[in-house]
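Structure, as structure tokens:
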Amino acid sequence: MSCLSVIIPCYNEEESIPLFYAEFSRQRDFLKARDITPELLFIDDGSSDGTVEAVRRLHEADGSVHLISFSRNFGKEAAMYAGLQNATGDYVVIMDADLQDPPALLPEMFAALDEGYDSAATRRVNRKGEPPIRSFFARRFYRLMRKISQVEMMDGARDYRLMTRQMVDAILSMGEYNRFTKGIFGWVGFRTKWIDFENVDRAAGKTKWSFWGLVRYSFEGITAFSTVPLVLASVLGVVFCLLALLMVIFIIVRKILFGDPVAGWPSLVCIILFLSGIQFFFTGILGQYLAKTYMEVKSRPIYLKNEKNCF
Ligand code: UDP
Ligand code: MG
């Protein structure tokens, strides 16, 4: 007999939780046939609605339902980390509460583990129902990440993933504060099978992501898994030095041939503005990495529990 821990990050999901539980329960026969007992770990990420009560009702009827409640909203990354830390199963799967990660894919995911894979990951093949501008930037982001970071990151990849214990332990060994799980999954390696599925709409409630929230999250991903932006400053510096050298030669030659008429003021101002702009830009990038390092050095806890709501 083995155990499957299901991690469900929840932020204001009181409506989705009963729907999720009902949908997940349809997989119980499959799990039973494989002699797997499920353990449902709901993570309440500082919800302000009835999320805790909704999980408590489930817990009263089903002892395998547990809740870890945070003292405030720490974000989905922190919720997933807390889930992984507290999961006891031989297998662990992360699922959204809103049923956008269909539990019906579980048999296919377990089949992948049978084939010898250490993890079965899912990705959406379309982004139906998503604002086109969001899809556009998401695609650009994944393309950029593939270029500037060493880790494998799939376009449309979700956090919905079934993992073996050894992979979970590997992820837990990465205790960084600025977490970008999509990158961490790729970084730890292990053989991963990708399972495609059609995007489904939220069962209830609404998305917690704003456009700017996603932009911030993408910067998180870039700074966490690539130092290419830092190198860019040096490359541009060298390019500008070479350019300056060519200009010097040009001016000297012109002076010898034609004398020195005073001109070129507006162009000078443009050049100064352009170069100082670039310098500020790279100082900003440097600042981003410094800020991340600063937060990392503080080594604050990734989440804090509200013990009286944990069961
Ligand atoms: N979530 C969370 N903390 C947050 C934001 C979201 O735990 O600060 C959870 C949320 O309850 C859901 C999952 O993360 O179960 C995915 O969130 P959402 O559905 O809003 O994102 P989307 O599917 O639109 O990308
Ligand atoms: Mg969702």
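The values are calculated or read from the model by the stated rules, or taken from the named source; none is laboratory data. It should be emphasised that the depicted structure is a prediction, and the values quoted were computed from it without experimental measurement. A quick note on method: Cβ atoms are made from the backbone with ideal geometry, for glycine too, and the neighbour counts reach across all protein chains shown. Areas reflect the complete protein model, heavy atoms only, side chains present, ligands, DNA and RNA absent. Shrake-Rupley method; radii C 1.70, N 1.55, O 1.52, S 1.80 Å.
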Quickly run through segment 48-92 and pick out the residues that are farther than 21 Å from E176 by Cα and of a type in the set (A, V, I, L, M, F, W, C). V52, A54, V55, L58, A61, V65, L67
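Residues are listed down the side, and each one gets a yes or a no for (1) in contact (Cβ under 8 Å) with a residue 60 or more places away in the chain; (2) open to solvent by less than 30 Å² (accessible area, probe 1.4 Å); (3) aliphatic (A, V, I, L, M):
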{"residue": "F197", "(1), (2), (3)": "yes, yes, no"}
{"residue": "F211", "(1), (2), (3)": "yes, no, no"}
{"residue": "T223", "(1), (2), (3)": "yes, yes, no"}
{"residue": "L245", "(1), (2), (3)": "no, no, yes"}
{"residue": "R254", "(1), (2), (3)": "no, no, no"}
{"residue": "F258", "(1), (2), (3)": "no, no, no"}
{"residue": "P266", "(1), (2), (3)": "no, no, no"}
Could you tell me which of the residues D101, D90, D118 is within 16 Å of ligand 1 (Cβ to nearest atom), modelled with pLDDT of 90 or more, of a type outside the set (F, W, Y) and touching a Lys or Arg at 6+ places or on another chain (Cβ under 7 Å)? D101
Of the conditions (1) farther than 30 Å from V52 by Cα; (2) open to solvent by 40 Å² or more (accessible area, probe 1.4 Å); (3) under 21 Å from the mean Cα position of the chain (by Cα), Q85 satisfies every one except a single condition; which number is it? (1)
If the Cβ limit is 7 Å and pairs must be 6+ apart or interchain, which residue in segment 137-148 that is under 16 Å from G186 (Cα atoms) pairs with which residue that is open to solvent by 30 Å² or more (accessible area, probe 1.4 Å) and of a type outside the set (S, T, N, Q)? Y142/D155; I148/V228
Can you find a residue in segment 57-65 that is of a type outside the set (G, A, S), surrounded by 21 or more Cβ atoms within 10 Å (Cβ to Cβ) and within 15 Å of ligand 2 (Cβ to nearest atom)? no
